[in-house]
1. List, please: which pairs have Cβ atoms under 9 Å, are six or more places apart or on different chains, and start with a residue in region 48-65 that is among the charged types (D, E, K, R) and end with one that is at pLDDT below 80 and surrounded by 10 or more Cβ atoms within 10 Å (Cβ to Cβ)?
2. What residue, of Ala9, Ala17, is of a type in the set (Gly, Ala, Ser), more than 15 Å from the chain's Cα centre (by Cα) and outside any helix (DSSP H, G or I)?
3. Output yes when any residue across region 65-77 is within 19 Å of the chain's Cα centre (by Cα), of a type outside the set (S, T, N, Q) and surrounded by 10 or more Cβ atoms within 10 Å (Cβ to Cβ), and no when none is.
4. Confirm whether Asn10 is surrounded by fewer than 10 Cβ atoms within 10 Å (Cβ to Cβ) and modelled with pLDDT of 90 or more.
5. Can you say whether Arg30 is surrounded by fewer than 11 Cβ atoms within 10 Å (Cβ to Cβ), outside any helix (DSSP H, G or I) and on the phi < 0 side of the Ramachandran plot, as far as the supplied structure shows?
Amino acid sequence: MTIASFTDANKTYQTTANYCSCPDHQFRNRQCKHQRALILELARAQMFLFLKAKFDVRSQAVIEEKRANYYRYEMAIGA
């Protein structure tokens, strides 16, 4: 993922959870602030998707509607 520099808007760094192309990571060879920001955002996105799946009643309604349509189709074939 490409993350912009926090201090210079013209610089961007290629960042993963294990690697960053910023000078700090290259010099110190440890987790930099870009990696920490990426990991935090990934955790937030994962939690959001978990909560969306848990509390979104529309998705369950769609599943039930598809199941009902399939049941009607099966009954129409058998009749």
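The values are calculated or read from the model by the stated rules, or taken from the named source; none is laboratory data. What you see is a predicted model; the values in this text were computed from it and never measured. Don't worry about glycine lacking a Cβ; one is built from the backbone with ideal geometry, like all the others, and counts go over all protein chains shown.
1. The qualifying pairs are Lys52/Ser59.
2. Details: Ala17 fails: more than 15 Å from the chain's Cα centre (by Cα).
Of the residues listed, the single one that is of a type in the set (Gly, Ala, Ser), more than 15 Å from the chain's Cα centre (by Cα) and outside any helix (DSSP H, G or I) is Ala9.
3. Taking region 65-77 first, the residues within 19 Å of the chain's Cα centre (by Cα) are none.
No: zero hits.
4. Details: surrounded by fewer than 10 Cβ atoms within 10 Å (Cβ to Cβ): yes; modelled with pLDDT of 90 or more: yes.
Spelling it out, Asn10 is indeed surrounded by fewer than 10 Cβ atoms within 10 Å (Cβ to Cβ) and modelled with pLDDT of 90 or more.
5. Spelling it out, Arg30 is indeed surrounded by fewer than 11 Cβ atoms within 10 Å (Cβ to Cβ), outside any helix (DSSP H, G or I) and on the phi < 0 side of the Ramachandran plot.
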